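Since every read-out is calculated from the coordinates, none of them should be taken as a lab result. Just so you know, these numbers come straight off a predicted model, no measurement behind them. Cβ placement follows ideal geometry from the backbone for every residue including glycine, while neighbour counts extend to all protein chains displayed.
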Amino acid sequence: MLAGGALGTAGFALADFPIWIDAIFFALLSLTLILGLRPALLRRFSRPPELMTNTPALEGKTATVLQEISGGLGRIKLSGEVWTARAMNKSDTYIEGETVRVYEIDGATAVVYKEL
């Protein structure tokens, strides 16, 4: 912001005003840049990217059934790892090889459902 004020003052100095006017112009331009432009730039560039990690990153992903899921628990392969899984609806049954989607992670168990 100070460099911008200096650059603006360099152009203003070509008008051949007294040096104290150049100093006031520099101070006002720098202050305007610091108070006006800096907050907007900070909001724009200091926001961290939304990166899902841990179990929230797994919700919504697809998985392959490794061991039948019926009534109780079964096993799925999710993101290269084997997870214990249960059906979102207790009455649903998923057989080996089916593709299911993860609704949520409940502890160490993936709650899954079949997309239509």
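What's the number of the condition Gly5 fails, among (1) in contact with a helix residue (DSSP H, G or I) (Cβ under 7 Å, 6 or more places away or on another chain); (2) free of Cβ contacts under 8 Å to residues at least 24 places away in the same chain?
(2)
Of the conditions (1) exposed (fewer than 12 other Cβ atoms within 10 Å of the Cβ); (2) aliphatic (A, V, I, L, M); (3) touching a residue at least 24 places away in the same chain (Cβ under 8 Å), Met52 satisfies every one except a single condition; which number is it?
(3)
Of all residues being more than 15 Å from Lys61 (Cα to Cα) and of a type in the set (D, E, K, R) in the stretch 87-105, which is surrounded by the fewest Cβ atoms within 10 Å (Cβ to Cβ)? Just the residue, please.
Per the criteria, the residue is Lys90.
Could you please give the count of residues in the stretch 55-86 that are in a loop (DSSP other than H, G, I, E, B), over 20 Å from the mean Cα position of the chain (by Cα) and either of a type in the set (S, T, N, Q) or surrounded by 12 or more Cβ atoms within 10 Å (Cβ to Cβ) (or both)?
First, the residues of the stretch 55-86 that are in a loop (DSSP other than H, G, I, E, B): 58-61, 68, 71-72, 79-80.
So of that shortlist, the ones also over 20 Å from the mean Cα position of the chain (by Cα) come out as 68, 71-72, 80.
Filter once more, so that each one left must be either of a type in the set (S, T, N, Q) or surrounded by 12 or more Cβ atoms within 10 Å (Cβ to Cβ) (or both): 68, 71.
Going through the stretch 55-86 one residue at a time, the tally reaches 2.
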